[in-house]
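Student: Handing you this structure, nothing more for now.
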Amino acid sequence: MDELALANLIKREFSTVPFSGSWNIVLKKDYDQVIEARQVADYFSDKKWQDITVRSLRADYIGDASACLVFMTPQAFRFYLPAYLLICIDEYNEADVIYDSTITRLIKSTEPTEATKFDDRFVTMALGQKQAIAAFLLQMHLLHDNKDRVEECARRALDSYWSSFLAKDAGST
């Protein structure tokens, strides 16, 4: 699948994900206690995922743009994830650590607390969305793993959870 087809697949599959609500971008306890969580909530509260680009993050977000997904509630994560997937596809060179952080968030940990966070984000996701993420990870693996990245993060993410969602003819790498 080429990058344009992949981007269109992601846009189509995530087009119906409901906005989490500006009050549900980060957990209240994090908002009250963690400055960066407050920055994430304030920045994203009035934005659609379609508005998020590397340029908008760098120009308007005052914190570490690669850490935003970490602070989001599962609902906000699912809503904004397509923006980050598209950044990785369309703005790979500019994305820098945003790329690494996004791929890392797609690796299912074997540590119980982290595995639960992963499940909260992804288990209820629609099959088409999971297939789009799997296709994204396969494409990122083919394009970037072990080329200019130290680790095979996309392959690790596929192996940790996503490979079962690949189209039968797509997973032969």
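Student: Rank the residues 28, 130 as a footprinting-exposure proxy: fewest other Cβ atoms within 10 Å of their Cβ go first.
Tutor: Working: 28 12, 130 18.
Least to most surrounded, the residues fall as 28, 130.
Student: Rank the residues 47, 29 as a footprinting-exposure proxy: fewest other Cβ atoms within 10 Å of their Cβ go first.
Tutor: Values: 47 17, 29 9.
Taking fewest neighbouring Cβ atoms as first place, the list is 29, 47.
Student: Still on this model: Just to verify a number: FRET efficiency for residue 110 and residue 48, C-beta to C-beta distance, R0 = 25 Å, to 0.05? Don't jump to the answer; show the numbers that get you there.
Tutor: Numbers: r = 34 Å, r/R0 = 1.38.
Efficiency at R0 = 25 Å is approximately 0.15.
Student: Would you calculate a helix-derived [θ] at 222 nm for the chain, using -39,500 (n - 2.57) for each DSSP H run of n ≥ 4 and dividing by the full residue count, to the nearest 500?
Tutor: Details: 11 runs with 106 residues, N = 173.
Taken over the chain, the calculation gives -17500 deg cm²/dmol.
Student: Next up: How much length is gained if the chain between residue 123 and residue 36 is pulled fully straight, taking 0.36 nm per residue apart and subtracting their Cα-Cα distance, in nm to one decimal?
Tutor: Numbers: separation 87, 0.36 × 87 = 31.32 nm, distance 2.64 nm.
Extra length from residue 123 to residue 36 when fully extended: 28.7 nm.
Student: At a Förster distance of 22 Å, what's the computed FRET efficiency of residue 3 paired with residue 163, Cβ-Cβ distance as r, to 0.05? Provide the component values of the computation, followed by the final result.
Tutor: Values: r = 20 Å, r/R0 = 0.93.
The value I calculate is 0.60.
Student: Residue 161's amide H: which non-local residues (gap 5+, or another chain) put their own amide H closer than 5 Å, with H modeled 1.01 Å from N in plane and none for Pro or chain starts?
Tutor: 108
Student: Also, I was wondering about something else. Give the relative contact order (percent, whole number) for region 40-83; include only Cα pairs under 8 Å separated by 6+ residues. Don't skip to the answer; put the middle values down first.
Tutor: Details: 20 pairs, mean separation 25.1, N = 44.
Dividing the mean separation by the residue count of region 40-83 yields 57 percent.
Student: In percent, what relative contact order does the chain have, based on Cα pairs under 8 Å that are 6 or more apart in sequence?
Tutor: Working: 199 pairs, mean separation 39.0, N = 173.
Once divided by the residue count of the chain, the mean separation gives 23 percent.
Student: Right, something else. Magnitude of the Cβ-charge dipole of the chain, K/R +1 and D/E -1, about the Cα centre, nearest 20 debye? Intermediate values should be presented prior to the final figure.
Tutor: Working: 20 positive and 26 negative charges, 104 e Å.
Magnitude of the dipole: close to 500 debye.
Student: Looking at the calculated P(r) for the chain, what percent of the C-alpha pair distances fall above 29 Å?
Tutor: 14
Every number in this text was worked out from the coordinates using simple rules, so none of it is lab data. All values reported here derive from a predicted model rather than from experimental measurement. Neighbour counts are summed over all protein chains in view; Cβ atoms, including those assigned to glycine, are modelled from backbone coordinates with ideal geometry.
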